[in-house]
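The values are calculated or read from the model by the stated rules, or taken from the named source; none is laboratory data. It should be emphasised that the depicted structure is a prediction, and the values quoted were computed from it without experimental measurement. Ideal geometry is used to build each Cβ from the backbone, glycine not excepted, and the neighbour counts take in all protein chains shown.
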């Protein structure tokens, strides 16, 4: 961030699902660096420790809550706590997700449903509850201010995490269920963007390629030949680093991208171009 520029997200409250570690935490750090208070939501019990570490590093207010994106009551309870401890959120990053690498003939219905529950239903549930809470808080501001044209609240933004796998069948792994779920996230992004734009909620997505996250590094250590195949197909010649997602997420979460609506931005080192 240029020292001559004001923080893009000062005064905002950003919620990141899957934020305890990896790419979710890296994106949360970028949002905090731009002045947002940050809430990390994750199924991992160490999410509170991650939030404390983020607060110590960036100086913003943080909160770490255990939450299951597939459980509507769990999501609602988390947003209750956010509003009680901080303030209503106006930025949401849907980063919680899971992978499933198995041939279709070996993919059980239970595994398919579990994957879609996290990647697709989780994105839907968290987005819907976030949007409803944002609109309720905005309407309350309007009633208090008495001027519907000046509610005292900026637009809300949602950044979903899709994947380059929504646009390309990356090989040699077999992961049709994962690819399909991420294509659904990109179409949900476009559909929600058009439906919610008149309400003051702007929705976009990022579609990362291969990134050297904690989970990916573990996989690469165990499967070096497959990792070499991946890198050989990336024109940039390497995997992305988690911090390289930060500027794009900040841009989409802030008013700097006010004219960007319903897009899924591929950030993959050129993988899907060739």
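From the list 36, 20, the lone residue that is under 19 Å from residue 133 (Cα atoms) and crowded, with 22+ Cβ neighbours inside 10 Å is 36. Taking residue 147, is it at pLDDT below 95 and in a helix (DSSP H, G or I)? Spelling it out, it is not the case that residue 147 is at pLDDT below 95 and in a helix (DSSP H, G or I).
Report yes if some residue within region 234-249 is within 26 Å of residue 194 (Cα to Cα), free of Cβ contacts under 8 Å to residues at least 60 places away in the same chain and surrounded by 13 or more Cβ atoms within 10 Å (Cβ to Cβ); otherwise report no. Yes, some residue in region 234-249 is within 26 Å of residue 194 (Cα to Cα), free of Cβ contacts under 8 Å to residues at least 60 places away in the same chain and surrounded by 13 or more Cβ atoms within 10 Å (Cβ to Cβ). Contact map, region 44-62: residues that are without any contact (Cβ under 8 Å) to a residue 60 or more places away in the chain and at positive phi paired with residues that are surrounded by 17 or more Cβ atoms within 10 Å (Cβ to Cβ) and part of a loop (DSSP other than H, G, I, E, B), Cβ distance under 9 Å, separation 6+ or inter-chain. No pairs are found. Scanning region 54-69 for residues that are closer than 15 Å to residue 16 by Cα and either surrounded by fewer than 17 Cβ atoms within 10 Å (Cβ to Cβ) or in contact with a strand residue (DSSP E or B) (Cβ under 8 Å, 6 or more places away or on another chain) (or both) yields 54, 55, 60, 61, 62, 63, 64, 65, 66, 67, 69. One residue alone among 169, 261, 274 is surrounded by fewer than 18 Cβ atoms within 10 Å (Cβ to Cβ), assigned to a loop (DSSP other than H, G, I, E, B) and out of contact with any helix residue (DSSP H, G or I) (no Cβ under 7 Å at 6 or more places or on another chain), and that residue is 274.
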